[in-house]
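The values are calculated or read from the model by the stated rules, or taken from the named source; none is laboratory data. Since we're looking at a predicted model, the values are computed, not measured. Don't worry about glycine lacking a Cβ; one is built from the backbone with ideal geometry, like all the others, and counts go over all protein chains shown. Please note that ligands, DNA and RNA were not included when accessible areas were found on the heavy atoms of the full protein model with its side chains. Shrake-Rupley method; radii C 1.70, N 1.55, O 1.52, S 1.80 Å.
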Amino acid sequence: DTPVAKLREMRERGFRGIRFNFMRHLGVGASPAEVYEFCGHLADADMHLQIHMEAELLGEVLPIFNDVPIPVVVDHIGRVDAGKGIEHEDFSHLLRFMDNEHGWVKVSGCDRISMQQIGYEDAIGFAAKLVQDFPDRSLWGTYWPHPNISKPVPDDGYLASLIQKFAPTPEKQVALLVDNPSRLYAFN
């Protein structure tokens, strides 16, 4: 129910998007249908939508946002379970959504999708696939201070070192860390 005028004021103050969570452990919030309706307000304010959801919801929720007029950023590689493999249908839902020109993805969160306590090697292929297939709409960022985490807090330096594994060239790294965020967040 936030009016467009308030969103525009937020935009002037540096806000570029609004994040909605569809995570059971975070409690009940707006429904995907309500968020879809809100996208018109976001478009009027020149802001994007960021969504964070459990992987089991990707096939149900992402199609709702196939035709919105704003960028939609999916957080943490869609929270897919790396232990299920890159061919699992949850990841396929994310890849199909990314075929939309307004689909974006944050390839942060290898620690969140990994089934390993350290190393997170099982997650790297997912991030690499997204960076390879969608080099102009992939982003990375730290999730420090790592709230709502049930395993040991990861080392952010180590997480940053993984970037060279899924974005192995300087060009891909610049796109992931500089060019794409600059475009999405309208950095000068």
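Note down the magnitude of the dipole of segment 1-79 about its Cα centre, charges +1 on Lys and Arg C-beta and -1 on Asp and Glu C-beta and zero elsewhere, to the nearest 20 debye.
Once rounded to the nearest 20, the dipole reads 320 debye.
At a Förster radius of 30 Å, what calculated FRET efficiency corresponds to the Cβ-Cβ distance of Glu12 and Glu171, to the nearest 0.05?
So, using R0 = 30 Å, E works out to roughly 0.35.
Provide the per-residue ³J(HN,Hα) series for segment 8-14, in order, calculated from phi with Karplus coefficients 6.51, -1.76, 1.60 and θ = phi - 60°, each as a whole number of Hz, with x at glycine and proline positions.
5, 4, 4, 4, 4, 8, x
Between Gln116 and Asp46, what is the label-point separation in nm under the 7 Å Cα-to-beta-carbon projection?
Going from the Asp46 label point to the Gln116 one covers 4.4 nm.
Stretch Asp67-Gln132 to full length: gain in nm at 0.36 nm per residue minus the Cα-Cα span?
21.0 nm
Against the longest alpha carbon principal axis of the chain, how many degrees, from 0 to 90 and to the nearest 10, is the axis of helix 121-133 turned?
Between the helix axis and the principal axis of the chain, the angle is about 50 degrees.
Treat every Asp and Glu Cβ in the chain as -1 and every Lys and Arg Cβ as +1, leave all other atoms uncharged, and give the resulting dipole magnitude about the Cα centre to the nearest 20 debye.
460 debye
Using only Cα atoms and rounding to the nearest 10 degrees, what angle (0 to 90) does helix 89-98 make with the longest principal axis of the chain?
50 degrees
Using +1 at the C-beta of Lys and Arg and -1 at the C-beta of Asp and Glu, which of Gln164, Leu177, Ser108 has the Cα lying farthest in the positive direction of the dipole of segment 98-187?
Farthest towards the positive pole: Ser108.
What is the distance, in nm, between label points placed 7 Å from the Cα along the Cα-to-Cβ direction at Glu101 and at Glu34?
The modelled label-to-label distance comes out at 3.2 nm.
So how do Ile118, Ile149 rank on accessible area, 1.4 Å probe, biggest first, that is with the largest at the start?
Ile118, Ile149
Sum up the lysine pairs in the chain that clear both bars: alpha-carbon distance under 21 Å and a spacing of 8 or more or different chains.
Within the chain, the lysine pair count is 10.
Report the Cα centroid-to-centroid distance between segment 42-107 and segment 125-170 in angstrom, as an integer.
So the separation of the two Cα centres works out to 16 Å.
Keeping all protein chains in place and using 1.4 angstrom, which order do His41, His102, His52 fall into by accessible surface area, from largest down?
So the residues, ranked largest to smallest area, are His41, His102, His52.
With all pairs of different alpha carbon atoms counted, what Kirkwood hydrodynamic radius in Å does segment 24-67 show?
One over the average 1/r among Cα pairs gives 11.5 Å for segment 24-67.
Can you give me the relative contact order of the chain as a percent, contacts being Cα pairs under 8 Å and 6 or more apart?
16 percent.
Can you tell me the convex hull volume per residue for the chain, based on C-alpha atoms, in Å³ to the nearest whole number?
Convex hull of Cα atoms, per residue: 118 Å³.
Positive end of the charge dipole of segment 73-157 (Lys, Arg +1 and Asp, Glu -1 on Cβ, about the Cα centre): tell me which of Ala128, Trp144, Leu94 has its Cα farthest that way.
Comparing the listed Cα positions along the dipole, Trp144 ranks first.
Report, to the nearest whole %, how much of the accessible area of the chain belongs to carbon and sulfur atoms, 1.4 Å probe, protein only.
53 percent
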